[in-house]
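The values are calculated or read from the model by the stated rules, or taken from the named source; none is laboratory data. What you see is a predicted model, and the numbers here were worked out from it, not measured in a lab. Cβ coordinates were reconstructed from backbone atoms using ideal geometry, including for glycine residues, and neighbour counts include every protein chain displayed. Side chains included, ligands, DNA and RNA excluded: accessible areas come from the protein's heavy atoms. Shrake-Rupley method; radii C 1.70, N 1.55, O 1.52, S 1.80 Å.
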Amino acid sequence: MERKSFDVWVGLFVLLGAAALMFLAMKVGNMSSTLSFDTTYPVMTRFDNIGGLKPRAPVKSAGVVVGRVGEIRFDDKTFQAQVTLNLESRFKFPKDSSAKILTSGLLGEQYIGLEAGGDTVNLAAGDRISMTQSAIVLENLISQFLFSKVAEGKEGNQ
């Protein structure tokens, strides 16, 4: 009888450990908040450069998560990235809202920031946000800084 009790406790401990690992994996994989049962509506956006944006990245407005990035595709006619945003139905945004790709911290994950416009008509499923701002790529900023310093150095030598 004592052996069975010990086996039950070991089994319970293993199940608890597996559940904790699953929870941790979902948190790290940014999947825990995608398991919500809230209804969403898709909104399309286009960006020249999405940087490191990934599907399931958060869509935030005023720091609050209002949706998730659904699908990212490349449009070979406009040579832009087409990003589908799945916004939660309880959040309504004006048609003239704007979207930009932002970064959490200096080297953190990228997300989409929505800024509400002033239109009286709200976005509906399938609508497109036309005012967008692409991701700022750190490598491009560094190269621009270096080139400007080199140009200053050449002007000073003449």
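What the table below lists for this structure:
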| read-out | value |
| --- | --- |
| Largest to smallest accessible area among 54, 95 [probe 1.4 Å] | 54, 95 |
| Choice from 79, 23, 147 with maximal GNM fluctuation in the chain (Cα, 10 Å cutoff) | 147 |
| Per residue accessible area of the chain, 1.4 Å probe, in Å² | 69 Å² |
| Point-charge dipole on Cβ atoms (K/R +1, D/E -1) for the chain, about Cα centre, debye to 20 | 260 debye |
| Separation of the residue 122 and residue 21 label points, Cα + 7 Å toward Cβ, nm | 4.4 nm |
| Over the chain, relative contact order from alpha-carbon pairs under 8 Å, at least 6 apart, % | 23 percent |
| Selected from 59, 28, 14 as most flexible by GNM, with the chain as the system and alpha-carbon contacts under 10 Å | 14 |
| Folded to 0 to 90 degrees: helix 138-157 orientation relative to the chain principal axis, Cα | 30 degrees |
| Rounded tilt (10° steps) of 2-28 against the dominant C-alpha axis of the chain | 10 degrees |
| Listed residues 102, 114, 141, most fluctuating in the chain (Gaussian network, C-alpha, under 10 Å) | 141 |
| For the chain, the Rg and Dmax computed from alpha carbons only, in angstrom | 22.9, 93 |
